[in-house]
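Notes follow the structure.
The values are calculated or read from the model by the stated rules, or taken from the named source; none is laboratory data. Please read all numbers here as calculations on a predicted model, not as lab measurements. FYI the Cβ positions are ideal-geometry reconstructions off the backbone, even for glycines, and counts take in every protein chain you see. Surface accessibility is based on the protein's heavy atoms, side chains included, excluding ligands, DNA and RNA. Shrake-Rupley method; radii C 1.70, N 1.55, O 1.52, S 1.80 Å.
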Amino acid sequence: MSATLTQTWYMTQRQLMAYWRQPVFLLINLIQPVIWLFLFGSLFRKITDLGGFGTGSYLDYLVPGIVVMSALSSNMWAGMGTLEEIERGTLNRFLTTPVSRGALMNGNVVSQGITTAVQSVIIVALGKLGGADYPGGITGLALLIVASTLLGTVFGALSNALGMLVRERESIIGINTFLLLPLTFLSEAFMTPSLMPGWMRHIADFNPVNWALVAGRSAMAEDPDWADVATRGGALLALALAAVWLSTRTFRSYQRSV
């Protein structure tokens with residue numbers, strides 16, 4: 001176990017080195033969330049007059065939605081990196097080394113988790129500069145970031161598994177494009193449940209994106225609902241572990257095919 005953890009951290013550092021050498025990648029991933037944050041924050045600022053948002057400022061409500069959406073959109077493309085390593089032959093060369101097979105896959109997932117946490121902190125800070133209020137304090141913000149990181153782990157691991165299975169960029173692009181906006185809008189990212197159609201609320205109950213939102217917003221409230229935090233957070237953790245397991249199993253299947 002100690003050797004696996006050490007090897008996983010080594011592979012994580014290898015992935016993070018790309019951001020260290022070219023931090024513009026991190027900035028590019030932040031451009032769209034920042035645009036959505038201030039564009040939607042300005043466009044729908046009076047929608048809270050309808051009630052049900054739990055705050056008088058739409059920006060307060062929107063920040064967790066943008067944090068979670070950013071985690072989803074950035075991690076869904078993790079499989080592209082895996083596919084690139086397959087095409088370059090890098091992954092096959094690692095197979096000739098004694099490094100743990102779990103470390104080869106999980107290093108990518110951990111590095112994605114770290115970058116997701118950094119992006120989340122930046123979005124929260126920008127929201128604060130824009131006038132957002134966080135009554136849950138540091139604890140609430142920390143739990144929001146944990147929830148977004150767990151969500152990113154789910155979709156990062158699934159994206160890696162997808163890259164191993166299809167091994168085609170077009171397939172990954174098509175599937176991600178098809179899923180991103182429906183998963184986002186079939187949740188409480190931009191709209192309070194009381195103003196959503198009933199069928200959308202029912203779908204949102206089974207949407208992992210919504211689990212992260214409910215856990216994060218509940219933790220950030222002035223009077224946190226710890227039951228919601230525990231149940232949604234626990235469900236995300238279980239799903240993340242299952243996704244990592246599936247990703248590792250898919251990698252072993254790929255290993256037998258080369």
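Looking only at the stretch 102-121, count every residue that is open to solvent by 20 Å² or more (accessible area, probe 1.4 Å), out of contact with any Gly (no Cβ under 9 Å at 6 or more places or on another chain) and of a type in the set (A, V, I, L, M, F, W, C) and tell me the total.
Looking only at that region, the number is 4.
List the number of the failed condition for ALA219; all other conditions in (1) more than 29 Å from LEU83 (Cα to Cα); (2) of a type outside the set (Asp, Glu); (3) exposed (fewer than 14 other Cβ atoms within 10 Å of the Cβ); (4) in contact (Cβ under 8 Å) with a residue 60 or more places away in the chain hold.
Evaluating ALA219 over (1) more than 29 Å from LEU83 (Cα to Cα); (2) of a type outside the set (Asp, Glu); (3) exposed (fewer than 14 other Cβ atoms within 10 Å of the Cβ); (4) in contact (Cβ under 8 Å) with a residue 60 or more places away in the chain leaves (3) as the failure.
Specify which of the listed residues (LEU237, LEU181) is assigned to a helix (DSSP H, G or I), open to solvent by 60 Å² or more (accessible area, probe 1.4 Å) and at pLDDT 95 or above.
LEU237
Return the only residue of GLY163, GLY140, GLY156, GLY136 being at pLDDT 90 or above and closer than 30 Å to ARG249 by Cα.
Exactly one of GLY163, GLY140, GLY156, GLY136 is at pLDDT 90 or above and closer than 30 Å to ARG249 by Cα, namely GLY156.
Take the residues of the stretch 83-101 that are in contact (Cβ under 8 Å) with a residue 60 or more places away in the chain and open to solvent by 10 Å² or more (accessible area, probe 1.4 Å): which is farthest from LEU5 (Cα to Cα)?
Ranking the qualifying residues of the stretch 83-101, first place goes to ILE86.
Here is a yes/no grid of residues against (1) hydroxyl-bearing (Ser, Thr, Tyr); (2) closer than 20 Å to TYR19 by Cβ; (3) at pLDDT 85 or above:
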{"residue": "SER74", "(1), (2), (3)": "yes, yes, yes"}
{"residue": "ARG93", "(1), (2), (3)": "no, no, no"}
{"residue": "VAL99", "(1), (2), (3)": "no, no, no"}
{"residue": "GLY107", "(1), (2), (3)": "no, yes, no"}
{"residue": "THR116", "(1), (2), (3)": "yes, yes, yes"}
{"residue": "ALA132", "(1), (2), (3)": "no, no, yes"}
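Would you confirm whether or not the stretch 159-176 contains a residue that is under 18 Å from LEU62 (Cβ atoms) and of a type in the set (A, V, I, L, M)?
Within the stretch 159-176, not a single residue is under 18 Å from LEU62 (Cβ atoms) and of a type in the set (A, V, I, L, M).
If you go through the stretch 36-46 one residue at a time, do you hit one that is over 23 Å from THR153 (Cβ atoms), without any contact (Cβ under 8 Å) to a residue 60 or more places away in the chain and among the small types (Gly, Ala, Ser)?
Yes, some residue in the stretch 36-46 is over 23 Å from THR153 (Cβ atoms), without any contact (Cβ under 8 Å) to a residue 60 or more places away in the chain and among the small types (Gly, Ala, Ser).
Only one of these conditions is not met by LEU26: (1) modelled with pLDDT under 80; (2) assigned to a loop (DSSP other than H, G, I, E, B). Which number is it?
(2)
Show the residue pairs that are 6+ apart or on different chains and have beta-carbon atoms under 7 Å apart, the first residue being within the stretch 172-185 and without any contact (Cβ under 8 Å) to a residue 40 or more places away in the chain, the second being aliphatic (A, V, I, L, M).
Final answer for the pair search is ILE175/LEU162.
Among the numbered conditions (1) open to solvent by 40 Å² or more (accessible area, probe 1.4 Å); (2) more than 30 Å from SER218 (Cβ to Cβ); (3) among the acidic types (Asp, Glu), tell me where ASP49 comes up short.
(2)
Identify the residue in the stretch 16-35 that is open to solvent by 50 Å² or more (accessible area, probe 1.4 Å) and in contact (Cβ under 8 Å) with a residue 40 or more places away in the chain and, among all such residues, is farthest from VAL67 (Cα to Cα).
Filtering the stretch 16-35 for residues that are open to solvent by 50 Å² or more (accessible area, probe 1.4 Å) and in contact (Cβ under 8 Å) with a residue 40 or more places away in the chain, the one farthest from VAL67 (Cα to Cα) comes out as TYR19.
Per-residue answers, yes or no, for (1) in contact with a helix residue (DSSP H, G or I) (Cβ under 9 Å, 6 or more places away or on another chain); (2) assigned to a helix (DSSP H, G or I); (3) of a type in the set (S, T, N, Q); (4) free of Cβ contacts under 8 Å to residues at least 60 places away in the same chain:
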site	(1), (2), (3), (4)
LYS128	yes, yes, no, yes
TYR134	yes, no, no, no
THR149	yes, yes, yes, no
ALA161	yes, yes, no, no
ILE203	yes, yes, no, yes
